[in-house]
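Everything below concerns the one structure shown next.
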Amino acid sequence: MTQELAEAAPSQENGRKTLLVVEHLKKYFSVGGGFLRRSALLRAVDDVSFEIFEGETFGLVGESGCGKSTLALTVVRLYEPDGGRIVFDGTDISHLSAARLRPFRKDIQMIFQDPYSSLDPRMTVGGIIEEPLRNFGVPNRRERVRELLQAVGLNAYFVNRYPHEFSGGQRQRIGIARAIALHPKLIVCDEPVSALDVSIQAQVLNLLRALQRDYRLTYLFIAHNLAVVAHISDRIGVMYLGKLVEVGPTEQITGEPRHPYTRALLSAAPVPQRRLRRERIILRGEVPSPLNPPSGCRFHPRCPIATDRCAVDEPHLRLVAPGQYAACHYA
């Protein structure tokens, strides 16, 4: 993060403890290559900085392919970062070995996007939820599994059933029960409702909010739907082509966005009230490839207000309103 962002953000949360700090995080992948051919470098996450305060929900939104899920997997250390730092609860976990990272695993859990592939079809529901409890030596595991099923709105007698016997929404509830089993401090929610029907999405979002209140959870909530993120988040970060372009409180991001990309995302979100309907902003062109990102501001080829400066001078997050940061020269 910029020094300005690092110093200003904690005061905006009335002194609340900073649980997670991500500083200049990078994750690259080598693509292609072979005999007499050089591989290309895909910059999935390229110098991203933000922080999450204890007890809040930080939403991360952006188009498909912008690097959101890669960021999530890197934060939980399923991917090894190629640069930057991940500081969790005061400890730098960026490059800890598997053995030294293990104690932090119970404090950082994840809810995956696909409720069908994230559950082992050969294990019963009870076995799936009990596995993390067994790995960390938690006593009274069977009783705890039944309590967890009831906490996520499922009947306790489901313990002996298999994942294929449940609907998508029920499977995601099982995944949530597994995620909260060890009383984690942080849960990374990687598009947890995108694979569900709209009516079920609302139920799962309400469940996550209730669990946050009851278990004092902190969320990093990732989605491509700005309306969904705004419904559950206290603050929002907007991501484009591997970079954060705007960060701020939900009310300010949705009410007065400062970055042109955020305004375009917001204009595409459905608004039920006719009087609040916004003029749709149509972005020209396609999202550039992260294999060959544009120079300067990565959004400038599609930006309606771009100038020659935007093509050569890369903007960085700067304070544009109380608590709100945007990476735009003209924000």
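The values are calculated or read from the model by the stated rules, or taken from the named source; none is laboratory data. Please read all numbers here as calculations on a predicted model, not as lab measurements. Quick reminder, even Gly has a Cβ in these numbers, built from the backbone with ideal geometry, and neighbours come from all protein chains shown.
Contact map, segment 218-240: first residue among the acidic types (D, E), second residue not in a strand (DSSP E or B), Cβ cut-off under 6 Å, separation 6 or more or different chains; pairs are D234/E56. Among the residues making up segment 241-255, a single one is more than 11 Å from G62 (Cα to Cα), touching a residue at least 12 places away in the same chain (Cβ under 8 Å) and out of contact with any strand residue (DSSP E or B) (no Cβ under 7 Å at 6 or more places or on another chain): T254. For M123, the conditions (1) more than 19 Å from the chain's Cα centre (by Cα); (2) in a helix (DSSP H, G or I) are fulfilled apart from (2). The set of residues in segment 306-331 that are surrounded by fewer than 13 Cβ atoms within 10 Å (Cβ to Cβ) and aliphatic (A, V, I, L, M) contains only V312.
Do you know which residues across segment 79-125 are under 30 Å from F158 (Cα atoms), touching a strand residue (DSSP E or B) at 6+ places or on another chain (Cβ under 9 Å) and of a type in the set (A, V, I, L, M, F, W, C)? Residues satisfying the conditions are F104, I108, M110, I111, F112.
Give the residues of segment 131-154 that are among the charged types (D, E, K, R) and in contact (Cβ under 8 Å) with a residue 40 or more places away in the chain, sorted by residue number. Spell out how you get there, then give the answer.
Applying the first criterion (among the charged types (D, E, K, R)) to segment 131-154 yields 131, 134, 141-144, 146-147.
Answer for segment 131-154, where residues must be among the charged types (D, E, K, R) and in contact (Cβ under 8 Å) with a residue 40 or more places away in the chain: just E131.
In segment 23-80, of all residues being in contact (Cβ under 8 Å) with a residue 12 or more places away in the chain, among the aromatic types (F, W, Y) and farther than 28 Å from A230 by Cβ, the one that is surrounded by the most Cβ atoms within 10 Å (Cβ to Cβ) corresponds to Y28.
Once segment 105-119 is narrowed to residues that are at pLDDT 95 or above and either among the hydrophobic types (A, V, I, L, M, F, W, C) or over 19 Å from L20 (Cα atoms) (or both), the residue that is surrounded by the fewest Cβ atoms within 10 Å (Cβ to Cβ) is M110.
The combined condition, being in a helix (DSSP H, G or I), free of Cβ contacts under 8 Å to residues at least 60 places away in the same chain and touching a Gly at 6+ places or on another chain (Cβ under 7 Å), is fulfilled by R173.
For segment 101-133, a tally of residues being under 27 Å from V87 (Cα atoms) and in contact with a helix residue (DSSP H, G or I) (Cβ under 6 Å, 6 or more places away or on another chain) returns 4.
Going by the structure shown, is S167 in contact with a helix residue (DSSP H, G or I) (Cβ under 9 Å, 6 or more places away or on another chain), closer than 20 Å to A223 by Cα and of a type in the set (S, T, Y)? No, not satisfied. In segment 66-112, the qualifying residues are those that are of a type in the set (S, T, Y) and assigned to a loop (DSSP other than H, G, I, E, B), and the one that is nearest to the chain's Cα centre (by Cα) is Y79.
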